[in-house]
Amino acid sequence: MAYEVTNNSTVHGFSTPHGFSTPHKFPTDLENSRTYQLLQLVKQLYPTGRAFNLPEGGNFEKLHVGINRSISRLIDDTKSIVDKSIPDNENFTEQDAAFLEAKFGLFVAPPIDLESRKKAILRKMAYPSNIKARQNPLFIEGQLRLSGFDVRVYENKFLESGEYVYKTPNDIVANATVKTQHGSTQHGGGSQHGSTGFKVVANSEDPNESFNIGGSENLWSTFFISGPTLETVGIVDAAREREFRQLVLKLKPAHTVAYLLINFI
């Protein structure tokens with residue numbers, strides 16, 4: 001009797017002939033699924049006796065398929081919870097970001113892209129990272145940069161002629177004017193180099209905050225935030241100004257004042 005090809009025929013059948021017309025059966029959705037993979041693992045755990053046989057399509061196998069589907073859903077749900085809780089993956093959405101920002105008290109302006117928001121959340125989740133020297137300028141700088149702000153922090157303490165001296169923002173700007181040409185850089189209303197034009201972060205996240213440190217004897221409590229060098233004006237997205245100021249306010253020691261040599265554009 002000639003072999004009859006049916007929908008159940010495969011190339012691995014005991015009596016299946018080999019040749020040009022040999023049927024090739026594609027794997028089913030079940031065979032491609034995690035449920036099927038778990039089923040194959042379960043079969044390896046049972047003894048080989050007849051009582052533990054799992055015939056294909058039988059009730060015993062169907063029981064395991066149902067259990068394995070529950071396990072598969074548990075795996076997917078667990079992975080989803082982790083993905084939504086830690087902003088380090090492509091499955092982390094803007095809705096997830098909004099939830100964690102509200103939880104951690106982060107200020108966010110609508111135009112900020114998701115990647116910048118994820119960096120800010122990761123920084124907040126890691127803070128304080130068991131770092132003891134949290135008042136160090138490098139720590140403040142590192143936290144700002146982890147949030148996506150390309151700035152540097154400089155302590156107001158400069159060694160000149162064998163002695164440490166403190167400087168005003170005007171001193172820094174005057175030095176920059178001598179060394180460099182400003183070119184096309186626009187300083188704007190928030191970065192003017194006049195005696196009253198420097199923006200500060202002292203006690204408020206208000207972009208228009210004003211603060212008088214008093215005489216030069218109080219300059220020890222100030223520091224500078226600027227660009228790649230002290231004499232270079234840093235650039236920060238104007239949409240993130242309040243977020244930037246809020247972060248500086250949280251990071252800096254309460255008794256200090258930050259001079260912002262920053263253009264918010």
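Restricting attention to segment 232-242, which residues are touching a Ser or Thr at 6+ places or on another chain (Cβ under 8 Å) and crowded, with 19+ Cβ neighbours inside 10 Å?
The answer is VAL233, GLY234, ARG240.
Limited to segment 60-99, what total is found for residues that are free of Cβ contacts under 8 Å to residues at least 24 places away in the same chain and within 30 Å of GLU241 (Cβ to Cβ)?
Within segment 60-99, residues that are free of Cβ contacts under 8 Å to residues at least 24 places away in the same chain and within 30 Å of GLU241 (Cβ to Cβ) number 10.
Can you tell me which residue among SER129, SER85 is at pLDDT 85 or above and among the hydroxyl-bearing types (Ser, Thr, Tyr)?
Among SER129, SER85, only SER85 is at pLDDT 85 or above and among the hydroxyl-bearing types (Ser, Thr, Tyr).
Can you list residue pairs whose Cβ atoms sit under 9 Å apart, with the first residue in segment 123-135 being surrounded by 11 or more Cβ atoms within 10 Å (Cβ to Cβ) and the second being modelled with pLDDT of 65 or more and β-branched (Val, Ile, Thr)? Count only pairs 6 or more apart in sequence or on different chains.
Correct list of pairs: MET125/ILE86; ARG134/ILE140; GLN135/THR256.
Would you mind finding the one in LYS103, LYS118 that is part of a helix (DSSP H, G or I), modelled with pLDDT of 90 or more, out of contact with any Leu (no Cβ under 8 Å at 6 or more places or on another chain) and under 30 Å from ARG242 (Cα atoms)?
After ruling out the rest, the residue left standing is LYS118.
How about segment 209-244: which of its residues are assigned to a loop (DSSP other than H, G, I, E, B) and modelled with pLDDT of 90 or more?
Within segment 209-244, GLU209, GLY227, PRO228, THR229, LEU230, THR232, VAL233, ASP237 meet the criteria.
Quickly run through segment 72-95 and pick out the residues that are touching a Lys or Arg at 6+ places or on another chain (Cβ under 7 Å) and either within 22 Å of PHE149 (Cβ to Cβ) or in the same structural domain as LEU249 (by TED's automatic domain parsing) (or both).
PRO87, PHE92
The values are calculated or read from the model by the stated rules, or taken from the named source; none is laboratory data. These numbers come from a predicted model, not from an experiment. Neighbour counts are summed over all protein chains in view; Cβ atoms, including those assigned to glycine, are modelled from backbone coordinates with ideal geometry.
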